[in-house]
Amino acid sequence: MIEQVATVGIRLPREQSGRFESLMEELKRLVETAGGEVVKEFSQARPRKDPATLIGKGKIEEIQQEIAGTGIKTVVFDDDLTPAQQKNIEKMLRAKVVDRTRLILDIFALRARSREGQLQIELAQLNYLVPRLTGAWRGYSQQAGGIGTRGPGEKKIEVERRYVRERIKRLKKEIEDVRQHRERARVGRQKVPIPQIGLVGYTNVGKSTLLNSLIGKIDEVYADDKLFATLDPTTRRVKLPAGRTVLFTDTVGFIQKLPTELVAAFRATLEEVAEATLLIHVVDAAAHDWVEQQKTVLEVIKTLGAENIPMITVFNKIDLVPEKLRQTLERKDNYCISGKNGDGLAALLAAIEKKLDGGLIEVAFDLPHDKQRLLSDIYRTAHILAQKSTAEGTHFRLLIDPANWKKMSHDVSE
Ligand SMILES: Nc1nc2c(ncn2[C@@H]2O[C@H](COP(=O)(O)OP(=O)(O)OP(=O)(O)O)[C@@H](O)[C@H]2O)c(=O)[nH]1
Ligand SMILES: [Mg+2]
C-alpha cells in the first residue's frame, strides 16, 4: 500500500515570490520518488522559525486534528528539523515526522546500486543519526528526571553511540580505499590523458538522456522522469567532429537544500566533477523555475571547489519550450538542445571542441613507420588538422595539449 503523507512548509518573509511554491512542488515529487503520496499540504507564513516546533504550536494542533482518523501516518517538513524540534512535533502530532534531508537520504538509500554508493549513503545516514541519538537520550532523561536516570537507559545509548562512531570510522576508511582504487585505475588507464567532460545540473534536467544521445544509444545509461535517477557516475567515450575522443561523465544531480551530510559523504563521487577539464551545465529550459535551479547548481559547484573549471551552459528540453523563449535564449548566444531528439547536439560538440582546443598548440611532424604504435595516442588525444602518407611514414599537422606533446615529441621528427 502506498504511504499517505502530509507535507508542511513554512513561508518566511522576504522570500522570492514563487520560491515557496516551487520548493513545495519539489517536496511532493520527492515524496513520490520515495514511494509515498501527498494527500494533504499545510503551510504557515511566519516572521521566523519557532526554535521548539518550527511552526506555531497552534498550527501543529490544527494539523493533528486534520490528520487524526485519516490514513496519514507520516508528516514531511520541507525545512530541516533539529533533533529537539522533530521530537516535540512527533509527540504533538502522534505521527512519524520526516524532514527534507531525511527524505533525500531515504531516496538515495533506495537508489544506491554500487558498493561505493551504498557506503556513502550509509555514512550520510549515520551522520544524520548521531545528534539525534544524543537528543533522544537528553529528552528521555529529562522526562524521567532525578533518581534512576543514570541507569541502563543511558548506558544503552552510550553503547549505541559508540557503535555508530565505530561504524562511521570504518565506513570512512572503506570509502577512502574505494576512492584510491579508482584514482589508481584512472591514472593507470591513461598515460596520455584525454579530456574529461563533466555533465552537471539540477536533478531531472536530462543529463543521462544527453549522454545516451551523445553515444548514439537510446538506453545505455539509465534515464527516467524521477528525481535522482542517477547516483553513480558513469563515464563514456565520445568522438568529437574532428575525430578526437573525449570522456563524458554523467553524475548525480543537484537539488535545493542538498543535505550537507550527503555532500560530505558523496565527496568521492563528486570529485569526478572537480577533476573535469570542462563542465557542461545542463539546464532544463522547460522547468518553470530553471533560473532558481541554475543558481543552486552554481552554488554546489562552488562548494565542490570546481568553480574555476571552464563551463558551457546548455538549455535542454528545447523541444518543450515555447518558440519565444527559445528565440530569447538563442539571441543571447546560449546553446539550445534537445537530448531527446538530438537537436543542437552537433553545434554543442563543435563548441566543446573549440573550447578544448583553446589551450592547445599546433605542431607538424613526420611519424616514421616504426613509430606507428603512437597512432592510437594521436587519434585519441589530438585534434588532427592534416594527415598525409609519405615515403617515410605519415606526416601530421595537429593541435595537441602541450603536456601530451612533451611525452610524444622525442619519438617523432619535426
Ligand atoms: N522532451 C524532452 N524530454 C527530455 C529531454 N531530455 C530528457 N528528457 C526527459 O527528462 C527526464 C529526465 O531525464 P534524465 O536524463 O534521467 O535526467 P537526469 O538529469 O539524468 O536526472 P537525474 O539522474 O535524476 O539527476 C526523462 O523522462 C527524459 O526522457 C529533452 O530534451 N526533451
Ligand atoms: Mg541521470
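The values are calculated or read from the model by the stated rules, or taken from the named source; none is laboratory data. Source: prediction; values computed, not measured. Positions of Cβ are generated from backbone atoms using ideal geometry, with glycine treated the same way; all protein chains shown enter the neighbour counts. Accessible surface areas use protein heavy atoms only, side chains included; no ligands, DNA or RNA. Shrake-Rupley method; radii C 1.70, N 1.55, O 1.52, S 1.80 Å.
Which one of ASN316, ASN334 is on the phi < 0 side of the Ramachandran plot, away from ligand 2 (no atom under 16 Å from the Cβ) and either assigned by TED's automatic domain parsing to the domain that holds GLU271 or free of Cβ contacts under 8 Å to residues at least 60 places away in the same chain (or both)?
Step by step, each of ASN316, ASN334 is checked, and only ASN334 is on the phi < 0 side of the Ramachandran plot, away from ligand 2 (no atom under 16 Å from the Cβ) and either assigned by TED's automatic domain parsing to the domain that holds GLU271 or free of Cβ contacts under 8 Å to residues at least 60 places away in the same chain (or both).
Residue by residue through the range 387-414, note down the ones that are open to solvent by 90 Å² or more (accessible area, probe 1.4 Å) and in a loop (DSSP other than H, G, I, E, B).
Once the filter is applied, which keeps residues that are open to solvent by 90 Å² or more (accessible area, probe 1.4 Å) and in a loop (DSSP other than H, G, I, E, B), the range 387-414 yields GLU392, HIS410, GLU414.
Out of the residues in the range 222-246 that are basic (Lys, Arg), open to solvent by 10 Å² or more (accessible area, probe 1.4 Å) and away from ligand 2 (no atom under 12 Å from the Cβ), state the one that is nearest to LEU110 (Cα to Cα).
Looking at the filtered set, the residue picked out is ARG236.
Go through the range 88-125 residue by residue and tally those that are part of a helix (DSSP H, G or I), of a type in the set (Lys, Arg) and modelled with pLDDT of 90 or more.
The total comes to 3.
With the requirement that a residue be open to solvent by 10 Å² or more (accessible area, probe 1.4 Å), more than 16 Å from the chain's Cα centre (by Cα) and near ligand 1 (Cβ under 10 Å from one of its atoms), what does the range 208-217 give you?
Selection gives SER213 alone.
Filter the range 208-221 for residues that are more than 13 Å from ligand 2 (Cβ to nearest atom) and assigned to a loop (DSSP other than H, G, I, E, B) and give the result.
Matches in the range 208-221: ILE215, GLY216, LYS217, ILE218.
For the condition within 16 Å of ligand 2 (Cβ to nearest atom) and in contact (Cβ under 8 Å) with a residue 60 or more places away in the chain, what is the one hit in LEU258, LEU270?
The unique qualifying residue is LEU258.
Evaluate the range 22-30: report whether one residue or more is assigned to a loop (DSSP other than H, G, I, E, B) and surrounded by 14 or more Cβ atoms within 10 Å (Cβ to Cβ).
Checking the range 22-30: not a single residue is assigned to a loop (DSSP other than H, G, I, E, B) and surrounded by 14 or more Cβ atoms within 10 Å (Cβ to Cβ).
Can you confirm whether VAL205 is part of a loop (DSSP other than H, G, I, E, B), open to solvent by less than 10 Å² (accessible area, probe 1.4 Å), within 16 Å of ligand 2 (Cβ to nearest atom) and in contact (Cβ under 8 Å) with a residue 60 or more places away in the chain?
yes
Considering the range 230-252 alone, what residues qualify as being in contact (Cβ under 8 Å) with a residue 60 or more places away in the chain and within 13 Å of ligand 1 (Cβ to nearest atom)?
Of everything in the range 230-252, those that are in contact (Cβ under 8 Å) with a residue 60 or more places away in the chain and within 13 Å of ligand 1 (Cβ to nearest atom) turn out to be LEU231, ASP232.
Quick one: LEU399 ticks every box in (1) out of contact with any strand residue (DSSP E or B) (no Cβ under 8 Å at 6 or more places or on another chain); (2) under 23 Å from VAL238 (Cβ atoms); (3) modelled with pLDDT under 90 except a single one, so which number is it?
(1)
State which residue is nearest to LEU278 (Cα to Cα) when the search covers only the range 288-341 and only residues that are open to solvent by less than 30 Å² (accessible area, probe 1.4 Å) and part of a loop (DSSP other than H, G, I, E, B).
Of everything passing the filter in the range 288-341, ILE309 is nearest to LEU278 (Cα to Cα).
Within the range 126-137, can you find the residues that are among the hydrophobic types (A, V, I, L, M, F, W, C) and either open to solvent by 40 Å² or more (accessible area, probe 1.4 Å) or not in a helix (DSSP H, G or I) (or both)?
Selection gives LEU129, VAL130, ALA136, TRP137.
Among the residues of the range 253-260, are any hydroxyl-bearing (Ser, Thr, Tyr), under 30 Å from PHE77 (Cβ atoms), surrounded by fewer than 18 Cβ atoms within 10 Å (Cβ to Cβ) and away from ligand 1 (no atom under 12 Å from the Cβ)?
Among the residues of the range 253-260, at least one is hydroxyl-bearing (Ser, Thr, Tyr), under 30 Å from PHE77 (Cβ atoms), surrounded by fewer than 18 Cβ atoms within 10 Å (Cβ to Cβ) and away from ligand 1 (no atom under 12 Å from the Cβ), which makes the answer yes.
So which pairs qualify, if the first residue must be in the range 32-61 and free of Cβ contacts under 8 Å to residues at least 24 places away in the same chain and of a type in the set (Lys, Arg), the second must be part of a strand (DSSP E or B) and open to solvent by 40 Å² or more (accessible area, probe 1.4 Å), the Cβ gap must be under 6 Å, and the two must be at least 6 apart or on different chains?
LYS59/GLN44
Yes or no, residue by residue, for (1) under 30 Å from TRP405 (Cα atoms); (2) crowded, with 20+ Cβ neighbours inside 10 Å:
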position	(1), (2)
GLY201	no, yes
GLU220	no, no
PHE248	yes, yes
PHE266	no, yes
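Report whether or not ILE312 is within 18 Å of the chain's Cα centre (by Cα) and within 13 Å of ligand 1 (Cβ to nearest atom).
no
Please specify each residue of the range 172-184 satisfying the condition of being over 21 Å from the mean Cα position of the chain (by Cα) and either surrounded by 13 or more Cβ atoms within 10 Å (Cβ to Cβ) or outside any helix (DSSP H, G or I) (or both).
GLU174
Could you please let me know if LYS324 is within 16 Å of ligand 2 (Cβ to nearest atom) and either farther than 22 Å from PRO195 by Cβ or among the hydroxyl-bearing types (Ser, Thr, Tyr) (or both)?
Spelling it out, it is not the case that LYS324 is within 16 Å of ligand 2 (Cβ to nearest atom) and either farther than 22 Å from PRO195 by Cβ or among the hydroxyl-bearing types (Ser, Thr, Tyr) (or both).
Considering every residue within the range 355-374, establish whether at least one is within 30 Å of ASN204 (Cβ to Cβ) and crowded, with 19+ Cβ neighbours inside 10 Å.
yes
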